[in-house]
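What follows is a short report on a single structure.
Taken together, the values in this text are just the output of simple stated rules run on the coordinates, not laboratory data. Source: prediction; values computed, not measured. Positions of Cβ are generated from backbone atoms using ideal geometry, with glycine treated the same way; all protein chains shown enter the neighbour counts.
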Amino acid sequence: MNIVLIGFMGAGKSSVAKHLSHLLGYSLAEMDELVYQKTGMQTMHEVFAKGGELLLREVEIEIAKEYSLKKNYVISTGGGVIQNKIILDYFKKEGAKIIFLKASFEEIEKRLEGDCSRPLFAKKLYDLRNPLYAAYADIEIDTESRSPQEIAHAIQGACDGL
Ligand code: S3P
């Protein structure tokens, strides 16, 4: 079974995915890194400048098709996968558990202070997407005031109950 982490930029998907994959003995896939591998580009700014958001979303679909067929992966998605439902549908169709990592916008802003690596970061997008993550996920995990290790343990416990 694959576990797919979703949530807004800065929700902690990448660091939680690392801990969770260790904890479960699963492989780790980081979608943004896979986008760089597949495009030969090195930053999201480069991806957006050369191919626009369309390129990012097309490559994300390709990755979802490929990784949904793998077994025992923890997959850390880019925050935008929720706007292209087909991406998460690929994973869900193969029985993946979808976990929403939730944090307030204020908390995310604090975490990302001084980080300019995300061209789409905006409160408007947070408000638009947050209900979509919640509606799609099998499990919702509150990340505020919790370490990535604690969150990984919480996800492990919640998945046992499914
Ligand atoms: C995006 C989120 C980013 C990255 C890109 C677009 C988005 O990933 O894929 O900048 O649309 O929310 P993270 O959620 O890992 O920051």
Report summary line: In whole Hz, the Karplus estimates of ³J(HN,Hα) for region 67-72 (6.51, -1.76, 1.60; θ = phi - 60°; x where Gly or Pro) are 7, 5, 8, 7, 10, 6
Query - Leu125 paired with Lys65, simple spin-label distance in nm, labels 7 Å along Cα-to-beta-carbon - result: 2.5 nm
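Can you give the net charge of the other residues whose Cβ lies under 12 Å from the Cβ of Asp142, counting K and R as +1 and D and E as -1? Write down the numbers at each step before the final one.
Values: positive: Lys102, Arg146; negative: Glu107, Glu140, Glu144, Glu150.
Around Asp142, the surrounding residues sum to -2.
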**Report entry** Evaluated over region 1-122, the Cα radius of gyration and Dmax, each in Å
**Finding:** 13.9, 38
Requested in this report: With θ set to phi - 60°, apply the Karplus curve 6.51 cos²θ - 1.76 cosθ + 1.60 along region 52-61 and write out the HN-Hα couplings as whole Hz, x wherever there is a Gly or Pro.
Outcome: x, 5, 4, 4, 4, 5, 5, 5, 4, 5
Report task. Sequence neighbours fewer than 8 away in the same chain don't count; with that in mind, list the lysines whose C-alpha is under 16 Å from Lys71. Result -> Lys92, Lys93, Lys97
Query raised in the report: Mind listing which trypsin sites (Lys or Arg not before Pro) in region 64-121 are in a DSSP loop and have 10 or fewer other Cβ atoms within 10 Å?
Result: Lys71
Query raised in the report: Classify region 70-162: rounded, prolate or oblate, from the alpha-carbon gyration tensor (a ≥ b ≥ c, eigenvalue square roots; a/c under 1.5 rounded; otherwise prolate if a/b is larger than b/c)?
Result: oblate
